[in-house]
Amino acid sequence: MRVWEVFVNDLSELREDEELDLSIRTLEPGIYKYTYKRVRARVSSSPDTYPDRLHVRFGRGQPCDQTFSIQIVEELNVIPAKYL
Amino acid sequence: MKGHRDNREYVADLERHGDAVRITQEVDWDLEAGAIVRRVCELKAPAPFMERIKDYPGFRYLGAPLATYRRLAISLGMDPRSSVPDIAEEYLKRTTSEPIAPVVVDRREAPCKQNILLGDEVDLCKLPAPLVHDGDGGRYIGTWHAVITEGAEGDVNWGMYRLMLYDSRLMVGAVFPFSDLGKAFHQRYEPRGEPMPFAAVIGPPPLAAVAACAPSPIPEPELTGMLMGAPIELVKCETNDLLVPAHSEVVIEGVILPNVRVEEGPFGEYTGYRTSPRDKRLTFLVKAITFRDDAIVTISNMGVPTDEGQLLRSFSLGLELDKLLRSQGIPITGVYMPPESTHHMMIVGVKPIYSNIATQIANLAFGSKLGPWFHMVVVVDDTIDIYNWDEVFHALCTRCHPVRDIRVYEHAVGTALYPFLSAHERKYAKGAQVLFDCTWPLDWDPLNEVPRLVAFRSVYPKEIQEKVLANWEAYGFPTE
Ligand SMILES: Cc1cc2nc3c(=O)[nH]c(=O)nc-3n(C[C@H](O)[C@H](O)[C@H](O)COP(=O)(O)O)c2cc1C
């Protein structure tokens with residue numbers, strides 16, 4: 001089980017069980033902690049529905065008490081291939 | 001006087017004056033370092049020099065490098081006890097002297113080339129980017145640094161624009177569209193769909209950082225030389241033709257991508273809040289990283305006063321506005337921005353030789369390129385010491401007529417960082433500004449209408465003042 005975090009302005013942005021495009025950051029300890037991935041994923045407000053945990057913060061950094069779960073369907077490229 | 005070539009010379013000088021604390025125990029990059037720097041800012045304590053960073057052997061941190069006027073004086077080679085007006089006078093003298101051109105040195109003489117990461121070795125997570133505040137959108141490698149690019153006029157620009165790590169190859173930065181980098185990118189590179197080369201210098205020589213965040217029209221390499229009293233040594237980048245200070249600690253090279261944005265923020269800001277919304281901002285793709293052995297990563301921790309964002313920006317904004325007003329022949333005694341106002345308040349002293357001179361001052365200041373950075377202008381007459389807040393506050397509360405002397409400027413250019421703006425106003429950078437005219441109206445009869453200031457300095461004959469001062473200790477008062 002991996003642990004991720006997402007920033008939202010409102011919990012309604014996390015529409016449950018739909019495929020969403022999200023920027024999530026890893027909370028795994030070590031030098032990559034807090035780095036982001038852009039993913040297509042499904043989320044649930046129940047912490048056990050999907051394999052990974054998802055913590056949520058609001059727009060000014062305030063943590064949300066509720067822990068979600070997330071399943072990454074696909075990693076998306078942030079940088080267009082022509083620049084790589 | 002020759003400014004410090006690098007942060008090593010600067011730290012040694014700070015230690016000599018008791019203005020740095022060497023921390024030898026291990027410090028965590030994940031919040032602990034940020035918390036130390038924050039507390040240092042709030043206590044105006046010595047700069048923390050952290051020698052061991054968790055997960056990052058071979059790197060060190062210098063926090064709050066220029067968060068006090070004492071440290072500003074030391075960086076300028078002045079007595080640390082120098083008064084603010086004395087530091088201001090010296091800064092004005094140096095920045096109105098002859099420009100001092102930089103010199104380009106061979107890469108073998110450039111310590112910033114001691115370690116070079118190219119191609120697959122490039123990984124931003126090899127650098128100890130701190131998580132500065134809990135709840136920040138990410139780790140910020142650029143908080144006290146210089147982003148070097150082509151300038152608004154096709155010249156060179158060094159600016160300080162915060163930089164967050166997105167992933168191992170990508171940084172994302174907050175660049176205002178009215179800044180020199182913003183103009184060059186939005187007006188030239190992005191319309192052509194062209195990536196814009198950049199170099200982000202972390203731990204630049206102290207006065208190069210001061211130049212990077214100063215709103216001066218003088219090109220920053222020359223400005224640095226003028227502040228240092230000697231040419232700054234520059235060296236060419238590995239992957240582009242930009243020139244960077246050779247004695248920098250870390251240099252990150254790459255390109256700003258056109259039409260690519262990723263989320264940045266939120267971040268603790270100079271106003272003392274996290275205000276600006278998390279948003280999609282400019283992306284900096286990294287192509288090379290070079291760094292010195294035992295590199296010193298500099299950290300500014302913005303929050304409530306006093307940090308570099310407030311102290312230096314207040315200082316250099318105020319002095320650039322001073323130059324602007326004098327260039328227009330306004331008989332000012334000076335301009336001061338108190339850092340505690342988070343550079344939102346510009347205090348101007350003036351000889352009120354004609355009516356509504358305060359309005360002319362506010363129009364010039366708000367209408368200048370610097371206008372979006374502050375929203376309050378307080379104009380006092382030449383009898384008030386602009387550096388003495390007690391005097392300014394007293395004048396503001398006693399001389400400013402709530403109807404006649406407060407002028408509101410609607411529809412001003414703002415920024416997303418103003419805490420008092422609504423979410424809509426922040427999004428579209430719509431500001432508002434205000435003038436507090438604390439001069440007496442010139443059409444008042446000086447004898448019968450202008451009140452008489454009741455102060456030791458104004459209502460006693462000179463002989464009595466001198467007698468009282470001479471006898472002060474004899475009366476039994478402690479010496480100051
Ligand atoms: C610590 C610090 C952080 C700053 N961060 C930003 C920033 O993220 N974005 C920005 O546009 N300006 C920022 N500034 C202000 C710019 O550095 C400043 O406006 C600089 O002069 C660049 O402006 P110019 O390019 O218009 O000359 C910061 C200043 C300081 C001292």
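Overview of values
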{"read-out": "Cα centroid separation - the range A:67-84 against the range B:402-475, whole Å", "value": "55 Å"}
{"read-out": "Hull shadow area, averaged, the protein assembly as shown [alpha-carbon convex hull, nm²]", "value": "30.0 nm²"}
{"read-out": "Rounded percent of accessible protein surface that carbon and sulfur make up, the protein assembly as shown, 1.4 Å probe", "value": "52 percent"}
{"read-out": "Burial of 50 Å² or greater, the range A:54-84 residues [accessible area, probe 1.4 Å, versus chain by itself]", "value": "A:Arg60, A:Val78, A:Ile79, A:Tyr83"}
{"read-out": "Rounded Å value of the spacing that divides the Cα centres of the range B:309-354 and the range B:103-149", "value": "34 Å"}
{"read-out": "The range B:85-193: trypsin sites (Lys or Arg not before Pro) in DSSP loop, at most 11 other beta carbons within 10 Å", "value": "B:Arg192"}
{"read-out": "B:Thr283, A:Thr67, reordered so the largest accessible area comes first (probe 1.4 Å)", "value": "A:Thr67, B:Thr283"}
{"read-out": "Listing of the range B:156-201 residues, each with accessible area lower by at least 40 Å² in the full protein assembly than in the chain alone (probe 1.4 Å)", "value": "B:Tyr166"}
{"read-out": "All-pairs alpha carbon distance profile, the range B:7-299, 5 Å steps from 0, percent", "value": "1, 6, 12, 17, 19, 19, 15, 9, 3, 1, 0"}
{"read-out": "Chain lengthening between B:Asp445 and B:Lys462 when straightened (0.36 nm per residue, less Cα-Cα)", "value": "3.6 nm"}
{"read-out": "Mean accessible surface per residue for the protein assembly as shown, computed with a 1.4 Å probe while every protein chain stays in place, in Å²", "value": "42 Å²"}
{"read-out": "For B:Leu234, distant residues with modelled amide H under 5 Å away", "value": "B:Val103, B:Val104, B:Val105, B:Ala246"}
{"read-out": "Histogram of C-alpha separations across the range B:294-345, 5 Å bin width, %", "value": "4, 21, 21, 16, 13, 10, 7, 4, 2, 1, 0"}
{"read-out": "Antiparallel DSSP beta bridges within the range A:3-78, percent to nearest 5", "value": "75 percent"}
{"read-out": "In sequence order, calculated HN-Hα J values of the range B:110-115 (Karplus, 6.51, -1.76, 1.60; Hz; x Gly/Pro)", "value": "9, x, 5, 9, 4, 10"}
{"read-out": "Inter-centroid distance (Cα atoms) of the range B:23-90 relative to the range B:200-259, Å", "value": "20 Å"}
{"read-out": "Share of pairwise Cα separations in the range B:328-437, more than 16 Å, in percent", "value": "58 percent"}
{"read-out": "DSSP-defined antiparallel bridges as percent of all bridges, chain B, nearest 5", "value": "70 percent"}
{"read-out": "Solvent-accessible area buried by pairing A with B, both sides, nearest 100 square angstrom, 1.4 angstrom probe", "value": "2300 Å²"}
{"read-out": "Under the Debye formula (equal points on every Cα, no solvent term), log10 I(q)/I(0) of the range B:136-192 at q = 0.16, 0.27 Å⁻¹", "value": "-0.51, -1.08"}
{"read-out": "For q = 0.17 Å⁻¹, Debye-computed log10 I/I(0) when each Cα of the range A:3-78 counts as one equal scatterer", "value": "-0.58"}
{"read-out": "Residue mean of other protein chain beta carbons inside 10 Å, A:34-44", "value": "3"}
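The values are calculated or read from the model by the stated rules, or taken from the named source; none is laboratory data. The structure presented is a predicted model; accordingly, all values stated were derived computationally and were not measured. Note that we place each Cβ from the backbone using ideal geometry, even for glycine, and neighbour counts take in every protein chain shown. To get the accessible areas, we keep the full protein, side chains included, count just its heavy atoms, and leave off ligands, DNA and RNA. Shrake-Rupley method; radii C 1.70, N 1.55, O 1.52, S 1.80 Å.
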